[in-house]
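Below is one structure, written out as structure tokens; comments come after it.
Quick note: the coordinates plus some simple rules give every number you see, no bench work behind them. Every value quoted in this text rests on a predicted model; they were computed, and no experiment measured them. Glycine gets a Cβ as well: all are built from the backbone with ideal geometry, and neighbour counts include every protein chain shown.
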Amino acid sequence: MRRALRFALFAATAVLNACGSVNTTYTRTTPSATAVPTKTQVNDALTQIFLSAGEVRMFPSKGGPLEAQVDVINNGFSYRGFSYRFDWVDANGSVIPSQVSVWKTSNVPSGGSTTIRAIAPSEAATDFRLQVRRADQ
Amino acid sequence: MRFPAIRSVASLASLSIFVAVGCGSPAKYVETGSPESIVSVGDVDMQDILKASSGMLESLIETGILKTAQAKPAQLVIDKVVNDTSSQFDVGELLYRMREQLVNSGQATVITTFGANAEDKTAQEQLRAQAFRQGNAVDGMPSPDFSLSGKITQVKRQAGNTQQTTYTFRLTLTNIRSGVEAWTKTVDMTKQGTKNSVGF
């Protein structure tokens with residue numbers, strides 16, 4: 001019985017590994033200096049498509065306008081593709097229309113993570129709005 | 001006995017044609033570049049151009065290279081961007097989107113009356129004549145900070161029925177005063193599949 005269980009566990013691991021899953025190690029144990037407290041909101045959007053947010057960072061880029069980075073983690077067992085779009089808003093909360101805000105695509109293997117990033121179109125941008133949707137597969 | 005059978009087969013065939021025609025999707029508007037767009041395996045799609053333009057703009061803004069220009073805002077001249085792919089599209093689709101963002105946000109201006117490939121020959125002639133009349137043929141002419149040039153290339157591969165195409169958009173900004181490359185960026189787009197599809 002124990003032997004059968006061990007074999008089943010081994011087989012399950014082998015199958016999962018064969019499906020292209022990735023083992024990821026994180027060395028950072030504390031939030032980075034540029035982390036912003038919007039992880040929960042971003043996570044709410046990402047969990048709808050079976051992904052989760054590791055950390056959300058926002059900081060001024062070398063050129064001046066803000067840069068946003070979101071670590072997207074796939075804790076599921078399947079390879080996931082998704083589309084995302086960053087819209088930038090000014091201090092009044094109005095969306096800044098720009099050619100920078102377009103739908104982009106990304107993929108995360110099982111057990112892996114990826115960082116999606118965007119640069120604000122101008123220094124008037126103070127915050128962002130992130131839209132995500134599952135890619136058709 | 002034979003005729004009713006033929007009649008029923010015929011009516012079944014006409015019914016299936018009717019159903020097939022009725023199930024076709026009617027034309028509708030979709031947001032340009034949205035995930036509802038058509039994805040072509042062996043062609044550059046509109047969403048690819050939008051993504052490339054966005055990636056280029058983000059890099060230009062991120063590095064702050066335009067802020068280093070002598071003129072404020074930076075003065076650009078658009079040189080040749082070559083489409084070296086088998087996909088037919090106008091590179092202006094990429095460049096005009098970038099120009100719109102940079103010019104309308106006050107980060108750069110585009111000089112259309114500079115060089116042998118000037119976009120607006122009439123304005124260039126007018127400017128030259130005006131400068132000549134005023135006796136400052138050199139000072140009266142525009143003096144851009146940067147020249148933008150580039151190339152779009154493709155790498156196609158196939159395994160069985162599956163096709164894969166990588167489109168690479170590359171742009172370079174050259175400092176006209178020093179002749180040195182000031183900024184360069186490549187944006188890759190890889191598409192894989194057996195046939196074109198709707199949505200991504």
Practice problem: For A:Thr126, work out the one condition from (1) polar (S, T, N, Q); (2) more than 13 Å from chain B (Cβ to nearest Cβ); (3) outside any loop (DSSP other than H, G, I, E, B); (4) free of Cβ contacts under 8 Å to residues at least 60 places away in the same chain it doesn't fulfil. | Solution: (4)
Self-check item: Which numbered condition B:Tyr167 misses (of (1) on the phi > 0 side of the Ramachandran plot; (2) touching an Asp or Glu at 6+ places or on another chain (Cβ under 8 Å))
Solution: (1)
Self-check item: Failed criterion for A:Gly64 (all others in (1) within 11 Å of another protein chain (Cβ to nearest Cβ); (2) in contact with a strand residue (DSSP E or B) (Cβ under 8 Å, 6 or more places away or on another chain); (3) surrounded by fewer than 16 Cβ atoms within 10 Å (Cβ to Cβ); (4) part of a loop (DSSP other than H, G, I, E, B) hold)
Solution: (2)
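Out of A:Ser94, A:Ser113, I need the residue that is without any contact (Cβ under 8 Å) to a residue 12 or more places away in the chain and out of contact with any His (no Cβ under 6 Å at 6 or more places or on another chain). Which one?
Values: A:Ser113 fails: without any contact (Cβ under 8 Å) to a residue 12 or more places away in the chain.
A:Ser94 is the lone residue from the list that is without any contact (Cβ under 8 Å) to a residue 12 or more places away in the chain and out of contact with any His (no Cβ under 6 Å at 6 or more places or on another chain).
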Quiz item: How many residues are buried (at least 21 other Cβ atoms within 10 Å of the Cβ) and at the interface with chain A (Cβ under 7 Å from one of its Cβ atoms) when one looks only at the stretch B:52-73?
Solution: 5
Exercise. Residue by residue through the stretch B:103-160, note down the ones that are over 27 Å from the mean Cα position of the chain (by Cα), of a type in the set (Asp, Glu) and under 28 Å from B:Ile65 (Cβ atoms).
Key: B:Asp139
Quiz item: Taking the stretch B:31-51, which residues are more than 10 Å from chain A (Cβ to nearest Cβ) and of a type in the set (Asp, Glu)?
Solution: B:Asp43, B:Asp45, B:Asp48
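Of the residues A:Phe77, A:Phe82, only one is more than 14 Å from chain B (Cβ to nearest Cβ) and either farther than 22 Å from B:Pro35 by Cβ or surrounded by 16 or more Cβ atoms within 10 Å (Cβ to Cβ) (or both); which?
Details: A:Phe82 fails: more than 14 Å from chain B (Cβ to nearest Cβ).
Answer to the selection: A:Phe77.
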